[in-house]
Structure formats: structure tokens, C-alpha cells
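J.: One structure is given below, represented as C-alpha cells, and several questions about it will come after.
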Amino acid sequence: MNKSRPSVFRLVSHMLAALFNSRAAFHEQWRHYESAPARDAVAGRWIGEWISEHSGHRGALKCVLARAAEGVYRAYFYASFSKLFSVGYVTDLKAESGPGVTHLNGEQDLGPLAGGIYRCDGEITGTDFVCHYSCKYDQGTFRLKKLD
């Protein structure tokens with residue numbers, strides 16, 4: 001694991017991205033699934049953490065997966081960074097289900113301040129959602145458990 005220190009520019013850009021992103025969509029979906037639990041094994045509220053393979057940093061992560069269309073779930077992510085900042089973003093993930101497992105993948109351009117295009121590739125088995133993410137500056141893993 002490369003433990004190199006990020007540049008000052010990258011640290012400042014992450015802070016600015018955290019300040020100027022919209023977290024309202026995440027909170028709206030979180031409240032929705034609080035009162036109306038999901039009807040399938042994928043949709044609903046998930047909670048866990050993200051772990052950077054590049055820097056070793058980690059933080060809390062919440063996600064709401066909402067069915068958007070046949071074979072597509074809209075993921076509303078809410079992540080904390082350095083215990084001071086939190087970011088929310090929305091991305092569509094293509095879903096392919098098999099016996100006991102659902103494979104999800106997709107990508108979203110979060111803009112240059114947040115590292116550009118984030119790619120996600122993961123699986124849900126039972127109540128576990130493990131996903132590998134990557135972008136220009138980082139890569140790592142999301143590890144989540146179904147809350148509802």
C-alpha cells in the first residue's frame with residue numbers, strides 16, 4: 001500500500017468538494033426508507049465504511065439503494081472524510097442478479113475537485129455489500145451492511 005502524502009492541492013480540493021456538494025438527495029432518500037422499508041434484497045439503507053488502499057484513510061459511509069429501472073439501482077452515497085467533512089453524491093449502478101448474489105457497477109463524474117470519474121464495481125450477498133471504487137487520485141473498498 002502506498003502511504004504517500006497527498007498534495008496540498010488535493011487536500012484543499014477535497015475540502016472544497018465537501019463544502020459545495022449537495023447532500024439533500026441522500027437525506028431525503030434516507031428518511032423515505034426509514035418509514036417505508038424496501039421490498040427487495042438490494043433496495044434500502046446500507047451502513048459501513050470506505051477504506052482507501054492508496055492512503056489508508058477511512059471513514060463512515062452510508063448508502064441508499066433505490067430501484068430506478070429494470071436492472072438499475074440509484075445509489076445515494078454519504079461519506080465522511082477526516083471526521084470534519086462529508087460528501088453526498090448520486091450514481092446509477094447496473095445490477096445483474098444471480099443465485100444469492102447481485103453484481104453492481106457504474107461510474108459517476110464528481111468533478112475535478114473530487115477526483116473526477118469514480119468507478120464502482122461490487123457485489124451484494126445477503127446483507128453484505130462490498131464494492132471496489134477507483135478514481136484519478138484514489139482507490140479502495142466500500143464495506144456496507146444492510147440496515148433494514
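The values are calculated or read from the model by the stated rules, or taken from the named source; none is laboratory data. Keep in mind the model is a prediction, meaning the values are calculated, not measured. Counting neighbours? That spans all protein chains shown, and the Cβs are built from the backbone with ideal geometry, glycine included.
J.: Could you figure out which of (1) at pLDDT below 90; (2) of a type in the set (A, V, I, L, M); (3) surrounded by 14 or more Cβ atoms within 10 Å (Cβ to Cβ) isn't true of L61?
T.: Here L61 meets the rest and fails (1).
J.: Identify the residue in the stretch 66-81 that is of a type outside the set (D, E, K, R), assigned to a strand (DSSP E or B) and more than 10 Å from the chain's Cα centre (by Cα) and, among all such residues, is nearest to R39 (Cα to Cα).
T.: Per the stated criteria, the residue is A66.
J.: Looking at (1) within 22 Å of A24 (Cβ to Cβ); (2) surrounded by fewer than 19 Cβ atoms within 10 Å (Cβ to Cβ); (3) within 15 Å of the chain's Cα centre (by Cα); (4) among the basic types (K, R), which one does K94 not meet, given that it meets all the others?
T.: (1)
J.: Hey, can you tell me all the residues within the stretch 12-36 that are at pLDDT below 80 and either surrounded by 15 or more Cβ atoms within 10 Å (Cβ to Cβ) or among the acidic types (D, E) (or both)?
T.: Result: S13, H14, M15, A17, A18, N21, R23.
J.: Could you list, in sequence order, the residues of the stretch 129-148 that are surrounded by 18 or more Cβ atoms within 10 Å (Cβ to Cβ), over 10 Å from the mean Cα position of the chain (by Cα) and at pLDDT 95 or above?
T.: Of everything in the stretch 129-148, those that are surrounded by 18 or more Cβ atoms within 10 Å (Cβ to Cβ), over 10 Å from the mean Cα position of the chain (by Cα) and at pLDDT 95 or above turn out to be F129, G140, K146.
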